[in-house]
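Notes for the one structure printed next.
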Amino acid sequence: MFTVLNITKRKNSIFEKLFGCFIKDEYNVRTVGVYKGAPFYELNVSVGKRKVDAQRIIDCVGKCSRRLVTNRFDLLPQNYNFGLFKSNKLYSKMIQNTFIEILEVNGLKKNPVSVCLVDRKAINTDFAQRLCEYSSTLTIVTDKTEKYNSVCEEITENTGLCPILKNNVSNENIIINLDDNTMTIHSEKGTGIIENGDDFTVPEIYNYLKPQEINKYDFYSALYELCGVFSLADCVFETISINNEKKSVADVHFS
């Protein structure tokens with residue numbers, strides 16, 4: 001579980017200046033159910049002259065005050081053990097899906113090319129298998145070759161492709177670096193560096209859950225990791241940066 005914390009600061013009107021100290025601040029918490037996932041708390045706070053009451057937040061959501069997704073972390077007292085939830089795990093899943101989508105859009109199933117996968121810590125071994133149908137040759141750059149040995153054997157047995165394990169990147173047509181989530185394309189059109197996925201659509205059943213003021217990625221990242229909505233890992237970014245120019249994924253053509 002986690003907590004969505006919406007903080008609203010009342011406008012500093014004349015009425016607020018005169019009578020703000022008599023207006024009761026509001027702390028309203030509710031539990032939000034999640035389809036095929038754990039619930040989360042939504043805590044709506046409205047304050048005026050008085051600062052946010054840290055103890056009231058803790059009383060409302062307990063340990064989930066250490067896993068916050070909020071629009072105004074700057075308004076929280078800093079001497080309390082609050083935790084702002086930030087993670088790139090969902091981003092990594094979605095950018096991998098996006099790389100695959102780009103390979104698909106460019107017809108590499110019918111015309112596979114040489115591909116290099118960089119995964120030095122060997123934490124994305126399953127992605128190597130997804131690359132096989134787009135690869136004429138597959139090179140894997142890793143510092144943990146022992147974790148890739150069985151993967152390579154399985155790939156060879158299932159596809160006939162013989163992945164090569166190396167320590168350094170070579171000059172393949174496509175280099176997918178999962179250590180920094182970039183894809184480099186070498187083609188007749190030149191070199192393109194693809195990175196920075198942005199904009200995505202989630203299944204409709206989860207779309208309505210996000211409060212308007214909350215960062216979209218942070219919310220769904222928490223829903224994925226802390227509520228176990230693992231289907232979000234199937235999402236694909238709709239736009240991407242190629243050589244620092246933002247483009248629709250559907251418009252990235254190199255073949």
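First select every other residue whose beta carbon is under 12 angstrom from the beta carbon of D143; then total the charges, Lys and Arg +1, Asp and Glu -1.
Summing Lys and Arg as +1 and Asp and Glu as -1 gives +2.
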request  = Using θ = phi - 60° and the Karplus relation 6.51 cos²θ - 1.76 cosθ + 1.60, list the HN-Hα couplings for the range 167-172 in order, rounded to whole Hz, with x at every Gly or Pro.
outcome  = 9, 9, 6, 10, 9, 6
remark   = Over the chain, with neighbouring protein chains present, the accessible area per residue in Å² at probe 1.4 Å is 54
note = For Rg/Rh (Cα atoms, Kirkwood Rh), with candidates (i) 0.97; (ii) 1.11; (iii) 1.04, the value calculated from the shown model is option (ii)
request  = Just list whichever of K36/K210; K89/K121; K109/K246; K166/K247; K110/K189; K189/K246 have alpha carbons separated by over 22 Å in the model shown.
outcome  = K109/K246; K166/K247
remark   = Excluding ligands, DNA and RNA, the carbon-plus-sulfur percentage of the accessible area of the chain with a 1.4 Å probe reads 49
ask   = Okay, which of the range 52-73 sit inside 14 Å, backbone N to the point 7 Å along the Cα-Cβ direction of E213?
value = 52-53, 69-73
query = Applying the Karplus parametrisation 6.51 cos²θ - 1.76 cosθ + 1.60 with θ = phi - 60° to the phi angles of the range 123-137, what ³J(HN,Hα) value in whole Hz is obtained for each residue in order, glycine and proline being reported as x?
reply = 9, 10, 4, 5, 5, 4, 5, 5, 7, 4, 6, 10, 10, 7, 9
ask   = What length, rounded to one decimal in nm, is gained on full extension from F230 through to K189, with 0.36 nm per residue of separation minus their alpha-carbon distance?
value = 11.0 nm
remark   = Pseudo-spin-label distance T137 to L75, built 7 Å along Cα→Cβ, given in nm, is 5.9
ask   = Once the piece of chain linking D180 and E157 is laid out straight, how much longer is it, given 0.36 nm per residue of separation minus the C-alpha distance between them?
value = 5.3 nm
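State the extension gain, in nm to one decimal, for the chain segment bounded by K121 and N196, taking 0.36 nm per residue of separation less the distance between their alpha-carbons. Kindly include the intermediate steps, with their values, before the conclusion.
Values: separation 75, 0.36 × 75 = 27.00 nm, distance 2.13 nm.
So the extension gain works out to 24.9 nm.
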note = Looking only at lysines whose Cα falls under 23 Å of K51's and that sit 8 or more positions away or on another chain, we get K9, K11, K17, K24, K63
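Using a Förster distance of 35 angstrom, determine the FRET efficiency expected from the C-beta separation of N44 and K144, and round it to 0.05.
In this case the efficiency is close to 0.15.
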key: Packing rank of 66-75, 196-205, where each peptide gets the mean count of other beta carbons within 10 Å, highest leading   = 66-75, 196-205
key: Cα→Cβ-extended label distance, 7 Å offset, between K246 and V32, nm   = 2.4
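Using a/c under 1.5 as the rounded threshold, could you call the range 119-255 rounded, prolate or oblate? The axes a ≥ b ≥ c are square roots of the C-alpha gyration tensor eigenvalues, and prolate needs a/b larger than b/c, oblate otherwise.
Oblate is the answer for the range 119-255, as a/c is 1.5 or above yet b/c matches or exceeds a/b.
The values are calculated or read from the model by the stated rules, or taken from the named source; none is laboratory data. Predicted, not measured: the structure shown is a model, and the values here were computed from it. We place every Cβ from the backbone using ideal geometry, glycine too, and count neighbours over all the protein chains shown. What goes into the accessible areas is simple: the full protein's heavy atoms, side chains included, and nothing from ligands, DNA or RNA. Shrake-Rupley method; radii C 1.70, N 1.55, O 1.52, S 1.80 Å.
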